[in-house]
Amino acid sequence: MSLVVFTSLLFITSVIAGFLGSLTGLGGGVVIVPVLALLFKVDIRYAIGASLVSVIATSSGAAVAYVREGLSNIRIGMFLEVATTLGALLGAYLTAKVSTHWIAMVFGVVLLYSAVSSFRQKSDNVSPEPKQANALAERLELKGSYPGPNGPEPYIAQRVPLGFGIMFGAGTLSGLLGIGSGAVKVLAMDQAMKLPFKVSTTTSNFMIGVTAAASAGIYLSRGYIDPTIAMPVMLGVLAGSLFGTHILVKTRVKTLKNVFALVIVALGVEMIYSGIAGKI
């Protein structure tokens, strides 16, 4: 296969991955890494490096809009970034120590969890739980408000240490697998810290790029980011994500989300099997 054909196929595949990933907020990395490893036979570490570059690009583009609309909580995001960045550095360090077979199996398990998370995704119309006083959150000012149908809706973080710990795990997965770990970040903020779902998803998107940047430096220093792979993947995922965002605003995509979740399940099972069989 010539370089031109390989790059073109990679770009088209990345566009599709970015489009599908944007419909669930999970990002194109959950698709592009297994596709590169299974279909294009790219070494999984190089696939992860390319995915990290695309995660940085797509997160940066979307984060600006969410911050402008008052949905992302920058203070909460920067506080939790301490945990995710430390975790990302640990995950990137483990990449050179852990066998690619184990990385593939862990990736498959995370894909299955992401699919379940996509099926269980809440409606935007769900009201936040009643706010309770929290001494640590008050001291750190981990609170705010977001635009609701009846005006600003106030909220305050709960169970801050638990959320911080889950974020460390999310960062480790991001650095090890080259994905944004958006599903785990949303789990930490939505389920553990009891933040409104809109705030959780948009703040997660704001954080993803910073987390990916922390581990991308280590991948770059080890030579795992190949420009011939990373560039078409980044451009394709970014284009697909922007297109998917417009479609998401204008249409109902519940069926597409379910199809996407089924695709993720299939990829997850294949990654686990390939890891166990030693094919990756």
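For the structure I just gave you, tell me whether I229 is at pLDDT 75 or above, over 17 Å from the mean Cα position of the chain (by Cα), buried (at least 16 other Cβ atoms within 10 Å of the Cβ) and in a helix (DSSP H, G or I). It is true that I229 is at pLDDT 75 or above, over 17 Å from the mean Cα position of the chain (by Cα), buried (at least 16 other Cβ atoms within 10 Å of the Cβ) and in a helix (DSSP H, G or I). Please go through the stretch 177-198 and give me each residue that is part of a helix (DSSP H, G or I) and modelled with pLDDT of 85 or more, ordered by number. Selection gives M189, A192. Within the stretch 108-158, the only residue that satisfies the criterion of being of a type in the set (K, R), modelled with pLDDT under 65 and either crowded, with 17+ Cβ neighbours inside 10 Å or in contact with a strand residue (DSSP E or B) (Cβ under 6 Å, 6 or more places away or on another chain) (or both) is K131. Counting only residues that are out of contact with any Lys or Arg (no Cβ under 6 Å at 6 or more places or on another chain) and not in a helix (DSSP H, G or I), the stretch 66-120 holds 9 of them. Among the residues making up the stretch 92-107, those that are surrounded by 22 or more Cβ atoms within 10 Å (Cβ to Cβ) and within 22 Å of K185 (Cβ to Cβ) are A92, T95, I103, F107. Restricting the stretch 33-56 to residues that are within 17 Å of the chain's Cα centre (by Cα) and over 15 Å from Y219 (Cβ atoms), the residue that is surrounded by the fewest Cβ atoms within 10 Å (Cβ to Cβ) is V35.
The values are calculated or read from the model by the stated rules, or taken from the named source; none is laboratory data. Nothing here was measured: the structure is a model prediction, and the numbers come from that model. A quick note on method: Cβ atoms are made from the backbone with ideal geometry, for glycine too, and the neighbour counts reach across all protein chains shown.
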